[in-house]
Every structure is written in C-alpha cells, then in structure tokens.
Amino acid sequence: MRLPTITDVLHARQLLRPLLSPTPLSAYPALDAATGAKVRVKHENVQPTGAFKVRGGLNLLASLDPAERARGVLGYSTGNHAQSLAYAAAHHGVPCTIVMPERPNPAKARAVRDLGAELIEYGERFDESRAHAETVAAERGMRLVSAANEPAIIAGVATAYVELFEQAPGLDVVLVPAGSGTGAAAAALVAAALAPDCEVIAVQSSAAPAAHDSWRAGELVDRPNRTAAEGLATGSGFALTQRLLRAGLTDFLLVEDAEIARAQRLFLRAAHTVAEGAGAAALAALVANRDRFAGRSVAVVCSGGNASEAELNSMGRAAPIG
Ligand SMILES: *Cc1c(COP(=O)(O)O)cnc(C)c1O
C-alpha cells in the first residue's frame, strides 16, 4: 500500500476547504492552571459529525472512481468512522452501509441512520464487526473502507495538522488520541514536513493498547480491547498507520479509563467542552505526565464530542482534577 505524502495532504486540504471550516485552536487559563502547561485545544469536536474523522471520509469519497461510487461504500466502526463515511457518502450521493458492534452508542447509531446509511449491528466487539463487514462487502460488491489502511483517509485527517501548525507555529508538543492510529500517523506526517521540532505523542487507553504495543514491539500485535472510550477501542494494530508512526512518532503513552473520565470532567469545567472519552485521552495524558510537559507549549486534540447519554450522566461523578 502506498504511503500518503505531504503533497496528498495539501491536495486534500484544497478539496476540503469549501466543505469544512477550519476548527478552532483555543486557550483556556483554567486548563493551564490545572496542567501546568501552555495548553491549546484543537477542537475537532465541533466538526459537523462531532469528530475529526469526517476529514478522512470526505477525502476518501472524493477519490473513488464512478464505478466504485455506483456500487457504494461499506465501513465498520464503533461510531465516528461510520458517521464520517455516512456523511461523506450522503454529500457525494453514494450508497453507504455500516457495520457496528451490537448495542452501539445510541447517539452514534441514530446519527448514521439520520444520514441515510444502512446500519447492520453485528458482533460483540469492533474486531468481529470487521470480519462481518468483509463478508458483506464481498457479497454486495461494495468498496470496503478500512478504518485506517486507507491513504486517502490519512491524507484527509492530516489536514487538521496543517491547520494546527499554521494556527500555532511554535508548538513544542502535540498529543493525539489513537485507536487505529490515523490521527497520530497524520500528525507525524505533517509535523515532519511543517514542524519538525514539534514532538508528536500518541495516547491510547491501557484497556485497549494494541496500537501502543504494536508501536513498541515494531510489529502488528493483537491485544484485549476493553476500553469504554469507543474511539480508542481496537484490538489490533493497523499496517499503514504503524508504518507512519514508526517513521515519525516521538512517543506513545497509555492512560487509564478512569483518567480519561477525569479529563472529560476537566474539559467540561475548564473549557466548557463536552468531550467523548476518546476526545479527552490527550488531556488525560497531559495531566498524568505533568512534570514532563510543565511550562511547554502543548496542543491537545479534542478529537470528538459524541458522548453517549450515559457518559454525559456520569461526567460529573468522576473525581475532579486541580
Ligand atoms: C477514531 C477516534 C479516535 C482515534 O483515531 P484513530 O484514527 O482511530 O487513531 C480518537 N478520538 C475519536 C473521537 C475518534 O472518533
């Protein structure tokens, strides 16, 4: 598979410019006080689908040929990749089917149906949905869209980091939540070209550490997948993103789900921001590694805001930070 390049990213940026507004990069004194760093939040939670993934979906759909468009796309996802594909398919008038694990986040499932996509609920976990998606796509002749092994998705996602380095040229560090690794791989790709002095650090949940462990091992590994943060919930490393991470990632950190819940509460209090679990993982890593980042200029990516109702109800009950 071809690795995406910075040229692909700049093409994607031109293509997405009329479709998506740049997302804000915001500072909050209360976040600086709570973390000891100079924090900037990249607000991907304000995307039309509530997560950064729409950048990748729109860029991928634009790259399909007419025959592929006519047959449609099929994706598997715990939610935000699904919404991204459904949104992009609706925009391009392409049929779309999504396979989600059974009992998905109801808000994400509803959003997919509201965007006009067909939803199939199958499997206990993401990895079973993935196998079923491969079968259905083969039966129907639809284009199976991987969550991560897609150069066009990574190039689209990477437009967030072109924006980021324009908005904050002197950043020391960017902390990126990682599941399949497209966001972190995209950040590493763009930083290498536009901000080579900026560290790119990925963050995953210790309850689903497959991407982290694959990076540390230097090979694709499978791991238990038990995190409550849907966006980070994958049981295996992905080849394409791991190649990019190996080339450009500075470090990879793990945080506990309980730390993520506390960071969601901090986002609410200090930044008036509703982050879903995955969307708060970068902030959780900043809090958990306070000494390492103290006084430095750090961007945390709030990758998504699609918290379920249950998550919203529990947010105020996490132990407070600061
Ligand atoms: C998908 C997702 C992530 C992880 O992104 P990957 O590209 O899979 O590493 C993080 N946060 C949110 C909100 C997501 O939807």
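Here are a few things to note about the model shown:
- Among the residues listed as Ala70, Ala109, the single one being under 20 Å from Ala152 (Cβ atoms), free of Cβ contacts under 8 Å to residues at least 60 places away in the same chain and outside the structural domain of Gly156 (by TED's automatic domain parsing): Ala70
- Qualifying residue in the stretch 234-256 (condition: more than 16 Å from the chain's Cα centre (by Cα) and acidic (Asp, Glu)): yes
- The lone criterion from (1) more than 13 Å from the ligand (Cβ to nearest atom); (2) closer than 24 Å to Leu220 by Cβ; (3) touching a residue at least 60 places away in the same chain (Cβ under 8 Å) left unmet by Leu254 is number (3).
- Close pairs from the stretch 190-211: first part of a helix (DSSP H, G or I), partner modelled with pLDDT of 95 or more and of a type in the set (A, V, I, L, M, F, W, C), Cβ under 6 Å, at least 6 apart: Val190/Ala158; Val190/Val162; Ala191/Cys198; Ala191/Val200; Ala193/Ile6; Leu194/Phe165; Ala211/Ala178
- Annotation note: of Ala158, Ala202, Ala210, Ala133, the sole residue that is buried (at least 20 other Cβ atoms within 10 Å of the Cβ), hydrophobic (A, V, I, L, M, F, W, C), within 16 Å of the ligand (Cβ to nearest atom) and not assigned by TED's automatic domain parsing to the domain that holds Gly237 is Ala133.
- Residues located in the stretch 225-253, provided they are part of a helix (DSSP H, G or I) and of a type in the set (D, E, K, R): Glu230, Arg243, Arg246
- Of the listed requirements (1) in a strand (DSSP E or B); (2) over 18 Å from Leu232 (Cβ atoms); (3) under 16 Å from the mean Cα position of the chain (by Cα), Gly75 misses just one: (2).
- Filter result for Arg17 (surrounded by fewer than 21 Cβ atoms within 10 Å (Cβ to Cβ), away from the ligand (no atom under 14 Å from the Cβ) and on the phi < 0 side of the Ramachandran plot): yes
- The residue list Thr49, Thr35 contains one member that is in contact with a helix residue (DSSP H, G or I) (Cβ under 7 Å, 6 or more places away or on another chain), in contact (Cβ under 8 Å) with a residue 24 or more places away in the chain and away from the ligand (no atom under 16 Å from the Cβ), which is Thr35.
- Cross-chain or 6+ apart pairs with Cβ under 9 Å, the stretch 121-147 first and within 22 Å of Leu64 (Cβ to Cβ), then of a type in the set (Lys, Arg) and in a loop (DSSP other than H, G, I, E, B): Ala147/Lys53
- Meets criteria (within 15 Å of the ligand (Cβ to nearest atom), buried (at least 19 other Cβ atoms within 10 Å of the Cβ) and in a strand (DSSP E or B)) for Val301: yes
The values are calculated or read from the model by the stated rules, or taken from the named source; none is laboratory data. Keep in mind that what you see is a predicted model, and the values were worked out from it rather than measured. When we count neighbours, we look across all protein chains shown, and the Cβ atoms used for this are built from the backbone with ideal geometry, even at glycine.
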